Each structure stands twice: as C-alpha cells, then as structure tokens.
Amino acid sequence: MSYDDAHQTDSSGAPLVSATIVCIDCGSTAHLLTKPDDTGRFWPGDLVSYRCEDCLDRWDLIVPGDEDDDLS
C-alpha cells in the first residue's frame, strides 16, 4: 500500500499529512521527511517533519485532530 492510498483524512476530507508544504521562511517547497507508521498511516498527535528544498530549514509539526478545529 502506498502513502497516497493509505493516508488519513480529517472530517472534511482533507489529508491529515501533506507530502509537501510551503516553507514559511522562504516560500519554497518543503518535503515530508517522516514515514507513516507500520499501518501506513499518520494519526492526530503524531510529530511530522519537513525539509525545505531551498533554504534547508526543517519544520516539525503536530498532526491536528478534529478537536483542534474547535476555537472555543
């Protein structure tokens, strides 16, 4: 099973973990470094890391859960 077939989505259907993000520092593309667990998934609360292809900054992010959407 590939990453694209196995990753989880939130309640809106958006992926919990994207293969790339926009680097906050330089605006380039940062690629996912972290591999999914043995089931091929990421879970809310997991720590995922990205590395920017241009400035080489590393970004460590926590996978959000649906409860993180509540602002109250």
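Look at D37, D57 and count the other Cβ atoms within 10 Å of each Cβ; fewest to most, that gives D37, D57. For S28, the shell of other residues with beta-carbons less than 11 Å away shows a net charge of -3, using +1 for Lys and Arg and -1 for Asp and Glu.
Each reported figure results from applying straightforward, stated rules to the coordinates on display, with no laboratory input. Small disclaimer: the values here were computed from a predicted structure and weren't measured. Cβ: placed from backbone, ideal geometry, glycine included. Neighbour counts: every protein chain shown.
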